[in-house]
Number of protein chains: 2
Amino acid sequence: MMKNAIVAQSGGPTTAINASLAGVIKGCLESHEIDVLYGALNGVEGLMDERLVNLTDIFDHNEENLNVLKLTPAMYLGSCRRKLKDVDQDSSEYDIIINIFRKYHIHYFFYIGGNDSMDTVGKMSRYVKEHQMDVKVIGIPKTIDNDLVVTDHTPGFGSAARYVAASVLEMAHDTYIYNTKSVLIAEIMGRDAGWLTAASVLARNSYSRAPHLIYLPEHPFSKEQFIEDIKAQFKQREHIVIAVSEGLRDVEGHYISAETAAVDAFGHATLSGTGKCLEGLVAEKFGCKVRSVEINVLQRCAAHMASATDIEESWQLGLKGVALALEGKSGEMSIVCRISDEPYQVIYDGADVQQIANAEKKIPTAWINEAGNDVTEEMVRYLRPLIHGSVAVPEQDSMPHYLFLGEAL
Amino acid sequence: MMKNAIVAQSGGPTTAINASLAGVIKGCLESHEIDVLYGALNGVEGLMDERLVNLTDIFDHNEENLNVLKLTPAMYLGSCRRKLKDVDQDSSEYDIIINIFRKYHIHYFFYIGGNDSMDTVGKMSRYVKEHQMDVKVIGIPKTIDNDLVVTDHTPGFGSAARYVAASVLEMAHDTYIYNTKSVLIAEIMGRDAGWLTAASVLARNSYSRAPHLIYLPEHPFSKEQFIEDIKAQFKQREHIVIAVSEGLRDVEGHYISAETAAVDAFGHATLSGTGKCLEGLVAEKFGCKVRSVEINVLQRCAAHMASATDIEESWQLGLKGVALALEGKSGEMSIVCRISDEPYQVIYDGADVQQIANAEKKIPTAWINEAGNDVTEEMVRYLRPLIHGSVAVPEQDSMPHYLFLGEAL
């Protein structure tokens, strides 16, 4: 009897999520248990709409394309931001999906995503179990936010961290050239967890201490203290580079943002303007040159700055996801466990997705300095190995050569 | 008798301006005519303040550091934004400078910069000539804006163009993943000349036509036409990527910007907000997902995306500047002349700086399509060779390893 598999991607893009997809494809192609691997377009939405592609056909005996896929940013299969309804309230979505599973002889379902995707993995694995279907449902992590619990860190984070740190160093060079006081504010992604903002610390080297101040959403932000911090910095230096999270909030929990926060389908606040708001404040209080730079979507898609460690681990977590399924596991997510910092060593494992879905890993208080304007050495030790190594993105006409599915857009 | 030289850098930073500095250093080190090469910190400001470093000491027999300098973004010697006064009005600045020249036995002065710096080169060369001093004053071009006349293109432009094009491609991948209508607006530097915005066209490949619309400051911008252009695009595709110059103006010459334009020391308008303004317009008219990304200072300092062609040419223009001075030329700027597009061939020459200072090269009307929302094939042929080739930035702790002068900041 045929045993097939489906893989899909969901949530916000990262530089490494296609490396995990490549790992899943490789694992399935090499398994004698799995006949055909399908890809569902746009996550569970495309799965329900039966928008499927045959990945076995596309990638079998095509190692070269698999390698290009590993370094292609964003999502080869497309994404969605859909959270399945609670099965007690409405099981219709689940019924559509299990009908697709039956039609295509699906015995393995791999879902690559973040928090909300792990919620889907948990719900689906329980549903198929309750219906006594032989379908193993496995989650594979991704998120630049690094906010999943249990796993030491998440695929996509290391590459985003490397981009953020290199960009802060390059922007520091850009600001150091003038012989006049200046403040540069880099606004970095991370709504509730400040991991990516913290990663800007890796920009520091023997000649540049930028970012001189780091503000994280885990610590209540005070505009008054911010002004005092800048005053203290100006006593030591002319140029101040500041890293701020987009999600800074005051002690009452209100966002430090000039704009009203909108809300997405998951009830998350959509932010912008923290950097611009603080830029205005600095201009008003100090009257010096000030610029805010929103390190925008490039931090999650600039594949030319990907971390080799991140790409390799993301690939391995895809492979591990397939291995877990073939061992008979379901409702688990593949995770990376750190054995040591120096030399950096990890092992891959599986963990119950129930522990992970809807939970959020924030920065431990002990890794933020007392003043709430910097991170500690422990944080640097944690971060350093994750950005290790560069990748060589293939080129065509001197532009990055990536893989793309479907009609030209 | 000792014959020494001074070099300085001025204006806004680029990824390639240190490659030109490295060329000047190399040329001076190899010349038997020049004993010591000094670097003035912060352009003519540091020159007047006698803030000089001995570059011969730093770089002689240190080929490795010279190579790191070639790939270091921004300005090793620092910059300033100072335009010398008209000599008829006030010659005091010139007198300070020629006293420094006398004190340090300076016979050659190299100034690397853009439009305003070439104004300084012109004024200084006339002043020393009138005072019968044996000082050759030579300009070496740089500007990401590519708006200098006579030279085929300017050092720094190719690298910025490569960064812009790669970033637009990566942002297109980022937007293509969702199955819902979306508009992404990339705001690109270039106050009056749209060369860098036009370079976004190089992001187009076999599977992605992004940017689907390109708006340049050379063509009057109409909000009504912009809305019509987007409507037409939505008939063909779900995702629209738009490249806009920061300096878009309406038919009456007013900036399309949500914010009031300030004015810098040279009377240039300082802009921000064109992308944000258009983002608001799209949200209002179409109600779809829309995001504007200001491709900020990284377009002029992201050395990891430098164009190998640009770095090599910038280096050659530094060498050429020294050669011109040694031939006895003064009041000239080194230029690059294109011999052919395919194969791409150039020669280096010198041109009277009077032709160049205070003039501005805009995009020829024939290179913009009639609708004013795209560029032509001639533009693509012009741009393509300039982004050719990638560079391998040396690394330390997986971060770019650059060269820095002076105390840690």
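Tabulated values for the structure
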| item | result |
| --- | --- |
| Subset tally (residues that are open to solvent by 10 Å² or more (accessible area, probe 1.4 Å) and either modelled with pLDDT under 95 or outside the structural domain of B:Cys277 (by TED's automatic domain parsing) (or both)) for segment B:190-205 | 2 |
| Condition met for A:Asn42 (away from chain B (no Cβ under 14 Å) and out of contact with any Pro (no Cβ under 7 Å at 6 or more places or on another chain)) | no |
| From the options A:Tyr94, A:Tyr76, residue that is among the hydroxyl-bearing types (Ser, Thr, Tyr) and in a loop (DSSP other than H, G, I, E, B) | A:Tyr76 |
| Matching residues, segment A:93-140, being buried (at least 19 other Cβ atoms within 10 Å of the Cβ), hydrophobic (A, V, I, L, M, F, W, C) and farther than 19 Å from A:Ser79 by Cα | A:Phe101, A:Ile106, A:Val128, A:Val135 |
| Scope segment A:386-408; condition within 9 Å of chain B (Cβ to nearest Cβ) and open to solvent by less than 20 Å² (accessible area, probe 1.4 Å); matching residues | A:Ile387, A:Gly389, A:Ser398, A:Met399, A:Pro400, A:Tyr402 |
| Looking only at segment A:126-154, and only at residues there that are farther than 24 Å from A:Gly194 by Cα and touching a residue at least 40 places away in the same chain (Cβ under 8 Å), the one that is nearest to the chain's Cα centre (by Cα) | A:Ile138 |
| Scope segment A:41-87; condition among the small types (Gly, Ala, Ser) and at negative phi; matching residues | A:Gly46, A:Ser79 |
| All positions within segment A:365-385 that are within 14 Å of chain B (Cβ to nearest Cβ) and either crowded, with 20+ Cβ neighbours inside 10 Å or among the basic types (Lys, Arg) (or both) | A:Arg381, A:Leu383, A:Arg384, A:Pro385 |
| Criterion: open to solvent by less than 10 Å² (accessible area, probe 1.4 Å), farther than 22 Å from B:Glu170 by Cβ and more than 12 Å from every other protein chain (Cβ to nearest Cβ) - qualifying residue of A:Leu37, A:Leu66, A:Leu29 | A:Leu37 |
| Residue match in segment B:374-393 (condition: over 20 Å from B:Val201 (Cβ atoms) and touching a His at 6+ places or on another chain (Cβ under 6 Å)) | yes |
| Filter pass, B:Phe221 being assigned to a helix (DSSP H, G or I) and surrounded by fewer than 24 Cβ atoms within 10 Å (Cβ to Cβ) | no |
| Which numbered condition B:Tyr207 fails, given (1) more than 13 Å from chain A (Cβ to nearest Cβ); (2) without any contact (Cβ under 8 Å) to a residue 12 or more places away in the chain; (3) touching a Phe, Trp or Tyr at 6+ places or on another chain (Cβ under 6 Å) | (1) |
| Residues being more than 9 Å from every other protein chain (Cβ to nearest Cβ) and under 23 Å from A:Ile17 (Cβ atoms) - total across segment A:141-186 | 23 |
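The values are calculated or read from the model by the stated rules, or taken from the named source; none is laboratory data. Predicted, not measured: the structure shown is a model, and the values here were computed from it. So basically every Cβ, Gly included, is an ideal-geometry build from the backbone, and we count neighbours across all protein chains shown. Just the protein is used for accessible areas: all its heavy atoms, side chains included, with ligands, DNA and RNA removed. Shrake-Rupley method; radii C 1.70, N 1.55, O 1.52, S 1.80 Å.
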